[in-house]
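In what follows, a structure is listed as structure tokens, so that the remarks can point back to it.
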Amino acid sequence: VSFFSARVCVIGSGLIGGSLALALKKAGAVGEVVGCGRNTATLQRALELGIVDHYSTDIAQAVQGADMVVLSVPMLAMREVLAQLEPVLQPGMIVTDVGSAKQSVIADAQAVLGDKLGQFVPAHPIAGTEKSGPDAAFAELFAQRRVIVTPLAENSEADVARVVAMWQCVGAVVECMSAAHHDHVLAATSHLPHLLAFTLVDSLARMDESREVFRYAAGGFRDFTRIAASDPTMWRDIALANAFEIKQVLKRYQVELEALQRDLESKDAQALFDRFSRAQAAREGLKF
Ligand code: NAP
């Protein structure tokens, strides 16, 4: 795979943007990385960690001379950042993002980019941890992980190919699909589990005997709830950005929970065993 950019601008140099910057540097695929964000303290930290080589809180300044601009801010900040980007976007610059839901950021781009919409190639790396900020970034985050690109009809083939090549050169396996399909699938495989983990921990934490419950927290609790340590701003934004799809899959899950409740009430050993067996077989068939 050949990808090289003399200057990449990363807007939001936290876990994902920071890891991409480090990975591009490690692959020798970038001349320099310019950081951009709201807080000087975060950007200064990214500079100290070698994630960015320069930074500016001013978008116009930060994107100067960059041919690839990566948006790695929380979902609800995307529209504002795209709006600030529009007047300074030069021909030949590609804008891409890493947002966890795709239809909402595409709607944002459609609302503010005007006839520059074709320069925006939406993407989502299916990789992350429950940590955030530049200190959590590491170069190997995307190795062997999937990245989904959801091209727009307005994109040129060359721009899509360049975004694909960028992710391939940091070790990712790239697939293209529609934004609607992406949001439908990710609601089930990522968004629902995160919201369930947050809700379970919150529900137990508010029980009167919560101290007692958490003192005896076992491996199952730890495995199921690790992701509840994730950033609440990021997940609030994802929940809202993909609310429609999440509500559908949540509804289906609620039906299953009601069935479970009934099986417990009627002490239906066979139904419980069948449910757990089906899940065990499905889980064993998965490769991570
Ligand atoms: P993060 O570590 O918190 O980084 C977010 C960055 O955005 C920070 O540098 C923050 O810097 C900056 N920022 C926040 N609000 C901003 C605003 N309004 N304007 C400009 N900059 C702003 O978060 P992350 O985990 O990298 O997530 C970034 C994006 O990646 C999100 O859209 C998320 O959905 C997506 N994503 C996350 C994961 C994951 O597992 N974490 C996986 C795939 C995709 P300041 O100090 O300036 O606020």
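What the table shows:
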quantity: The stretch 104-251: relative contact order as a whole-number percent, Cα under 8 Å and 6+ apart; calculated: 25 percent
quantity: Antiparallel bridge percentage (DSSP; both residues within the chain; nearest 5); calculated: 10 percent
quantity: Directionally averaged projected area (convex hull, Cα atoms, the chain), nm²; calculated: 16.9 nm²
quantity: Mean Kyte hydropathy of -1.0 or more with a Cα span along the axis of at least 18 Å, helices from DSSP in the chain; calculated: 192-205, 243-265, 269-284
quantity: Prolate/oblate/rounded call for the stretch 121-199, Cα gyration tensor, a/c under 1.5 rounded; calculated: oblate
quantity: Cα centroid separation, the stretch 220-288 to the stretch 24-50 (Å); calculated: 38 Å
quantity: Eligible lysines near residue 102 by straight Cα distance, threshold 20 Å, same-chain separation 8 or greater; calculated: 116, 247
quantity: Gyration tensor verdict on the stretch 1-144 (Cα atoms; rounded if a/c is under 1.5, prolate if a/b is larger than b/c, oblate otherwise); calculated: rounded
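Throughout, read-outs are computed from the coordinates displayed, never taken from laboratory work. Predicted model only: the values in this text are computed from it and were never measured.
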